[in-house]
Every structure is written in structure tokens, then in C-alpha cells.
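The values are calculated or read from the model by the stated rules, or taken from the named source; none is laboratory data. Values in this document were obtained by computation on a predicted structure and should not be read as measured data. Virtual Cβ from ideal backbone geometry, glycine too; neighbours counted across all protein chains shown. Just the protein is used for accessible areas: all its heavy atoms, side chains included, with ligands, DNA and RNA removed. Shrake-Rupley method; radii C 1.70, N 1.55, O 1.52, S 1.80 Å.
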Amino acid sequence: MKMPIDPKALGDKVWNALPEIKLPTLGREVEIPVYVIHNSDDPEDYFFLFDFEVFVERSKEGMFVRPKLRVWAGRDDFDRVIFARAFRKTFADEFDNMRNQLARGKSKMGWLSWDLGVDLAGAFITNLTAYFVILIATGAGKALSSMFSLPSWMKGKSAEAKLEEQVDGLKSQVEAALKSIEVSLHHELYQHAYRGRQGGRTTGMDFDEWPLPSYVTQHLGDQKSGSWW
């Protein structure tokens, strides 16, 4: 009979492990394309498509690849605070969903199996690995080594409260990094965002850029975020 999870015991275990976290030695850089698809003329009305394909294949080779986000959109006049929050939540959920679906694979390695040295199954926290991937992929990962130091004002708190404070701080750092990420304009996404009308700026857009992947064109009308690999 499977014993129920003790939140306090789990919190203690996770908290005790966090200060010992060491980032893996990162290998070859792998670009993760992200497509921002606008549903309407509203600049805040969009969803995300994530291409994890190369990332997954390299990770299956046992490599802790160095991820790099490449964001494509048809317009970039959206609110960056709202964008960063939505991106963080959606990327983390899609990343964890990918890892869970690949969990049965015998070749699952690299970021696909990294668990911080702690079994987080059924835990009250999720998305931690995805947050580390985002920070590294935005070039904000240099400060990770000192991220989990224990401030003196937290020493009297419970393990759960300490862990929640640390995870909230990590979320804030992720969103701060995402607010300043470069967004590249793609002419096909531009046409979709403005529905064929002349719309916003086109300065710097490469009209000779390669066509959108077939997966993206097939899902332009989904109005729902997703990923493929």
C-alpha cells in the first residue's frame, strides 16, 4: 500500500537539497524556437507554440545542452510584463508535460531526467527544472549558483514557507529575464497578426526568412498554446 505524501517531510527534503544544487556541465548550444501567434488585432491576444524537437534529441544523447530561446512573432507591441508572466507559465507547463510524456523512454537523459537530486513526484512545487532552463536560455543563468542562499530573515520559517519564498524568487527572476528577451519579427506571422492588412512596424524584418515550419502553419488558428518534438 502506497503511503501518503507527508508535505512537511517532503518540504524538508527539498529545502535541504536546494542549497546543494549544482548546475550540470552544459554542452552544445541548442536553439528552442518559440512562435507567438496572434489571434486577433488585439496585441495582447496571442498564444505560444514551442519547438522542443532538437532539444529533446540532443538530450536523449545524454547531453545537458545549453538551451537558447529564439522568439518569433508577427508584432512586438504587446505588454512585456504580461508577456513574461504568460511565457513563464506556459513554457514551464509545456516543458513538464514533455518530460512526463517522455518519462517511459529508456534514453531519457540530460534535462529530460534532471530532477535536482530530489523526487518531486506529487510535490506541491513544480516547474523548477523548466525555470532553470529558461534562465540559462535567456543568458540569465550566471547568478544561479547563489540563488538559493538562505537569507537570515527566513531562518525561523517552516521548510514549506522557505521553499515557497525561494520558488517565488525564482519565478520573479525568470520573468525579469523574459521581459527583455529579443523578439524577432517573421513576415508570415506578421501577415497573420494583421490579417493581411498593413499594420505595425516592419523595420528590421527579414522578408527572405525561411517559411514557417509546417507544424506552425497547421496550428495558426488553434488559439491554444502547445509544443512538439
Original post:
Do you know which residues across the range 170-186 are more than 17 Å from VAL34 (Cβ to Cβ) and open to solvent by less than 70 Å² (accessible area, probe 1.4 Å)?
Top reply: LEU170, LYS171, ALA176
Original post:
Residue check: is TRP228 of a type outside the set (A, V, I, L, M), surrounded by fewer than 18 Cβ atoms within 10 Å (Cβ to Cβ) and under 21 Å from the mean Cα position of the chain (by Cα)?
Top reply: yes
**OP:** With the condition kept exactly as written, say whether any residue in the range 173-185 is more than 21 Å from LYS68 (Cβ to Cβ) and either in contact with a helix residue (DSSP H, G or I) (Cβ under 6 Å, 6 or more places away or on another chain) or modelled with pLDDT of 95 or more (or both).
**Re:** no
Original post:
What is the residue count in the range 188-219 for residues that are open to solvent by less than 40 Å² (accessible area, probe 1.4 Å) and without any contact (Cβ under 8 Å) to a residue 60 or more places away in the chain?
Top reply: 2
Original post:
What do you reckon, is LYS22 modelled with pLDDT under 90 and among the basic types (Lys, Arg)?
Top reply: yes
Original post:
So which pairs qualify, if the first residue must be in the range 90-104 and on the phi < 0 side of the Ramachandran plot, the second must be open to solvent by 30 Å² or more (accessible area, probe 1.4 Å) and small (Gly, Ala, Ser), the Cβ gap must be under 7 Å, and the two must be at least 6 apart or on different chains?
Top reply: THR90/SER225; GLU94/SER225
Original post:
Tally time: how many residues in the range 21-70 are aliphatic (A, V, I, L, M) and surrounded by fewer than 17 Cβ atoms within 10 Å (Cβ to Cβ)?
Top reply: 4
